């Protein structure tokens, strides 16, 4: 058998394709035809989005759900419903997608960035508490990769300091904390249905909450400031058009119908990878808090100690892994290093003295975020829907790279 690295002309360790994503079957096809033929393509007179909201709320064990255009919009609406505005601060993890912070800027408030933990890559509660000031209005917890942030600690901090807790659950459909689905454990939670997510309609998002007043505000904001049961041209508060279409609502109902089945496959394959990859020197899988009783597994994340791989760079390892047939997706860069913050462009969203205020975190070190951003490898969730043999081949690919890593050092790209 040829053991030469595929990157150097050998046969890939894994020749089997990953499951196609997005996944659909006759259910989506029929649902779309039903919407087409109904001529009710707009959610206001339609039935699909409304039905999806009820089904998704029940799935996430929340009292309310609102379907919206995308996950970024969900965050913007949630913050508007909480009353976050100019002069306020919202504590945000430095290790997340930019929308977590840009939604705060959209409200005219300042995202204050803090480091994550070194093993879960979720926001560090102690650092979050240390960042609280008189301006702080809320915290956003990001459930990274489907792994749940420490909600016990974060809820305690927010209650003691009278702050709102927002759960950015874009990676965490179906994830649980101590036996209960996340999203509505804080004051309000948001989800994304963008193409890479665990459920998708190409784009889309949702807001969940157990708070009736927050639901009323968020629903009004997402529909131009209207209120249910009132005259169509009556507008009661700030709002915009964040309504999801009936096409997407119909597709998401089908996607939700197979969510648990797919999660079970990802969970089984993740357990296999954890066992096998942990035995390889230099590989440390993302830690899952024992209180996270269910993980949606948006991605399989592991830390790479390059010293166990002849000192090759992480990008070189990823290049070799891809050549062996194992797909990866990019990690998030640290937010504070982005041009948005380093150039000062973010200040254009601020007002008053806050617009010229010095923010020490922009020049601070975030060692754990750097670890997560530049030293981890992410396997995308569709790869986790493969067979156990597929997982064995991914492990074999990592082992093969380790055996021949010295060759990657000697041979220039």
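The values are calculated or read from the model by the stated rules, or taken from the named source; none is laboratory data. Keep in mind the model is a prediction, meaning the values are calculated, not measured. Heads up, the Cβs are rebuilt from the backbone with ideal geometry, glycines too, and the neighbour counts pull from every protein chain shown.
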Exercise. Pick out the one residue from 175, 170, 192 that is over 15 Å from residue 76 (Cβ atoms) and at pLDDT 95 or above.
Key: 175
Quiz prompt | Failed criterion for residue 199 (all others in (1) touching a residue at least 12 places away in the same chain (Cβ under 8 Å); (2) closer than 28 Å to residue 28 by Cβ; (3) part of a helix (DSSP H, G or I) hold) | solution = (3)
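Return yes when residue 306 is out of contact with any strand residue (DSSP E or B) (no Cβ under 9 Å at 6 or more places or on another chain) and surrounded by fewer than 22 Cβ atoms within 10 Å (Cβ to Cβ) and no when it is not.
Numbers: out of contact with any strand residue (DSSP E or B) (no Cβ under 9 Å at 6 or more places or on another chain): yes; surrounded by fewer than 22 Cβ atoms within 10 Å (Cβ to Cβ): yes.
The answer is yes for residue 306.
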Exercise. Could you check, for the stretch 257-264, whether at least one of its residues is at negative phi, touching a residue at least 60 places away in the same chain (Cβ under 8 Å), in a loop (DSSP other than H, G, I, E, B) and touching a strand residue (DSSP E or B) at 6+ places or on another chain (Cβ under 9 Å)?
Key: no
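Farther than 26 Å from residue 232 by Cβ and either surrounded by 15 or more Cβ atoms within 10 Å (Cβ to Cβ) or over 24 Å from the mean Cα position of the chain (by Cα) (or both), is that true of residue 34?
Numbers: farther than 26 Å from residue 232 by Cβ: no; either surrounded by 15 or more Cβ atoms within 10 Å (Cβ to Cβ) or over 24 Å from the mean Cα position of the chain (by Cα) (or both): yes.
Here the answer is no, as residue 34 does not meet what is asked.
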Practice problem: Consider residue 13 carefully, then state whether it is in contact with a helix residue (DSSP H, G or I) (Cβ under 9 Å, 6 or more places away or on another chain), within 30 Å of residue 396 (Cβ to Cβ), touching a residue at least 12 places away in the same chain (Cβ under 8 Å) and buried (at least 21 other Cβ atoms within 10 Å of the Cβ). | Solution: yes
Quiz item: Quick check: is even one residue across the stretch 387-400 touching a strand residue (DSSP E or B) at 6+ places or on another chain (Cβ under 7 Å), at pLDDT 95 or above, part of a helix (DSSP H, G or I) and surrounded by fewer than 21 Cβ atoms within 10 Å (Cβ to Cβ)?
Solution: no
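For (1) part of a loop (DSSP other than H, G, I, E, B); (2) farther than 22 Å from residue 69 by Cβ; (3) without any contact (Cβ under 8 Å) to a residue 60 or more places away in the chain, each residue gets a yes or a no:
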| position | (1), (2), (3) |
| --- | --- |
| 83 | yes, no, yes |
| 95 | yes, yes, no |
| 104 | no, no, yes |
| 121 | yes, yes, no |
| 129 | no, yes, yes |
| 134 | yes, yes, yes |
| 145 | no, yes, no |
| 159 | no, yes, yes |
Quiz item: Of the residues 28, 76, which is modelled with pLDDT of 95 or more, buried (at least 22 other Cβ atoms within 10 Å of the Cβ) and in a helix (DSSP H, G or I)?
Solution: 76
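Of the residues 350, 379, 335, only one is buried (at least 18 other Cβ atoms within 10 Å of the Cβ) and out of contact with any helix residue (DSSP H, G or I) (no Cβ under 6 Å at 6 or more places or on another chain); which? Steps first, answer last, please.
Values: 350 fails: buried (at least 18 other Cβ atoms within 10 Å of the Cβ); 335 fails: out of contact with any helix residue (DSSP H, G or I) (no Cβ under 6 Å at 6 or more places or on another chain).
Answer to the check: 379.
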Exercise. Only one of these is in contact (Cβ under 8 Å) with a residue 60 or more places away in the chain, touching a helix residue (DSSP H, G or I) at 6+ places or on another chain (Cβ under 7 Å), surrounded by fewer than 21 Cβ atoms within 10 Å (Cβ to Cβ) and more than 22 Å from residue 386 (Cβ to Cβ): 239, 311, 325, 249. Name it.
Key: 311
Quiz item: Within the stretch 357-371, is there a residue that is out of contact with any helix residue (DSSP H, G or I) (no Cβ under 7 Å at 6 or more places or on another chain) and more than 25 Å from residue 133 (Cβ to Cβ)?
Solution: yes
